1. Return the only residue of Leu162, Leu183 being of a type in the set (A, V, I, L, M) and either surrounded by fewer than 20 Cβ atoms within 10 Å (Cβ to Cβ) or away from the ligand (no atom under 16 Å from the Cβ) (or both).
2. Take the conditions free of Cβ contacts under 8 Å to residues at least 12 places away in the same chain and either on the phi > 0 side of the Ramachandran plot or touching a helix residue (DSSP H, G or I) at 6+ places or on another chain (Cβ under 9 Å) (or both) and apply them to Glu197. Does it pass?
3. Pairs please, first residue from the stretch 14-41 and open to solvent by 60 Å² or more (accessible area, probe 1.4 Å), second anywhere and of a type in the set (S, T, N, Q) and modelled with pLDDT under 95, Cβ atoms under 9 Å, 6+ apart in sequence or on different chains.
4. Between a first residue in the stretch 225-253 that is in contact (Cβ under 8 Å) with a residue 12 or more places away in the chain and a second residue that is assigned to a strand (DSSP E or B) and among the small types (Gly, Ala, Ser), which pairs have beta carbons less than 7 Å apart while being 6 or more apart in sequence or on different chains?
5. Touching a Pro at 6+ places or on another chain (Cβ under 6 Å) and either within 16 Å of the ligand (Cβ to nearest atom) or open to solvent by less than 60 Å² (accessible area, probe 1.4 Å) (or both): is that true of Asn210 in this structure?
6. Please determine whether any residue of the stretch 214-224 is modelled with pLDDT of 95 or more and within 16 Å of the ligand (Cβ to nearest atom).
7. Whether any residue in the stretch 233-252 is within 15 Å of the ligand (Cβ to nearest atom), in contact with a Phe, Trp or Tyr (Cβ under 6 Å, 6 or more places away or on another chain), over 23 Å from Gly26 (Cβ atoms) and not aromatic (Phe, Trp, Tyr) is what I want to check.
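The values are calculated or read from the model by the stated rules, or taken from the named source; none is laboratory data. All figures in this text were calculated on a predicted structure; none of them were measured in a lab. Here the Cβ positions follow ideal geometry from the backbone for every residue, glycine too, while neighbour counts run over all protein chains shown. Ligands, DNA and RNA are excluded from the accessible area calculation, which covers all protein heavy atoms including side chains. Shrake-Rupley method; radii C 1.70, N 1.55, O 1.52, S 1.80 Å.
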Amino acid sequence: TFFKNAIVRKPAPNFAAGLTTQDNRGANYTLMSQQHAAYVAKLQELGLAVTILPANAEFPDGHFVEDPVVFAGGTAVLTRPGAPSRLHEGLSLTETLAGFADLARIEAPGFLDGGDVMRVRDHFYIGLSDRTNEAGAEQLGALVSEQGFTWSTVAVPAGLHLKSSVNYLGDNVLLGTESFLALPEFADFEKWVLPPEETPAANTLWINENLLMPAGYPKTEARLRAWRKPVHVLDMSEVEKMDGGLSCLSLRF
Ligand code: CIR
């Protein structure tokens with residue numbers, strides 16, 4: 001997959017009012033904004049044309065644009081995110097998306113968060129989590145099938161989303177936690193198991209033959225650097241306090 005475009009939204013001053021399972025006391029807006037700006041600059045450096053949407057305080061999690069939309073071929077699917085506070089985030093994106101793609105929608109009773117969707121070549125793995133249900137997965141599956149892709153579901157018993165625990169880095173390599181990489185669904189991959197204390201590094205992004213990883217995970221960083229793909233390390237401290245990571249902060253297509 002070669003990405004040309006990205007869509008991001010600036011974090012709002014009330015971003016720390018978003019959902020989280022972490023201790024987010026001390027989550028700092030100035031630092032969050034700096035980390036977000038550095039992320040955008042990195043995407044631009046990698047050659048992506050980045051559409052930057054303004055902060056929207058109506059949705060404190062709204063900068064996690066990956067969740068309300070999934071791109072599949074020429075279609076952008078509005079997903080019905082599974083957290084009530086996030087259900088309508090997609091409305092604030094439709095105008096922007098319509099400039100790039102045909103729009104489709106997950107309908108009730110389906111719920112789905114884009115963070116549960118991992119594309120590998122022409123296959124979509126759809127995680128069933130607290131945010132994504134069977135109805136949502138089946139509807140997305142039908143839509144991606146129309147675009148010529150295959151799909152399957154994966155149970156997500158731990159972590160927020162499927163991609164909180166596993167990501168595809170190209171060349172048949174999956175980076176993830178031991179328990180996720182042990183799933184029979186992933187038997188045919190080369191598996192790079194994270195040290196338990198470096199679990200958040202699962203959220204490493206593969207963009208146009210480069211890898212973007214969060215700062216603070218030295219063992220994983222050394223392993224990735226020993227590979228042939230250039231590695232870029234970004235400080236994600238404030239994003240991680242809100243259960244987010246690198247992939248959540250953009251739509252790439
Ligand atoms: C949430 O709980 O929905 C946000 N605070 C974090 C969303 C992270 N998104 C992602 O991993 N795709």
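1. Going through Leu162, Leu183 in turn, the sole match is Leu183.
2. In short, yes.
3. Final answer for the pair search is none.
4. Once the first residue is in contact (Cβ under 8 Å) with a residue 12 or more places away in the chain and sits in the stretch 225-253, its partners that are assigned to a strand (DSSP E or B) and among the small types (Gly, Ala, Ser) give Ser250/Ala6; Leu251/Ala6; Arg252/Ala6.
5. So Asn210 fits the description; yes.
6. The answer is yes; a qualifying residue exists.
7. yes
Every residue, every condition in (1) assigned to a loop (DSSP other than H, G, I, E, B); (2) more than 14 Å from the ligand (Cβ to nearest atom); (3) farther than 23 Å from Ala135 by Cα; (4) touching a strand residue (DSSP E or B) at 6+ places or on another chain (Cβ under 9 Å), yes or no:
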{"site": "Phe2", "(1), (2), (3), (4)": "yes, yes, yes, no"}
{"site": "Ala27", "(1), (2), (3), (4)": "yes, no, yes, no"}
{"site": "Met32", "(1), (2), (3), (4)": "no, no, yes, no"}
{"site": "Ala38", "(1), (2), (3), (4)": "no, yes, yes, yes"}
{"site": "Val65", "(1), (2), (3), (4)": "yes, no, no, yes"}
{"site": "Val70", "(1), (2), (3), (4)": "no, no, no, yes"}
{"site": "Gly82", "(1), (2), (3), (4)": "yes, no, no, no"}
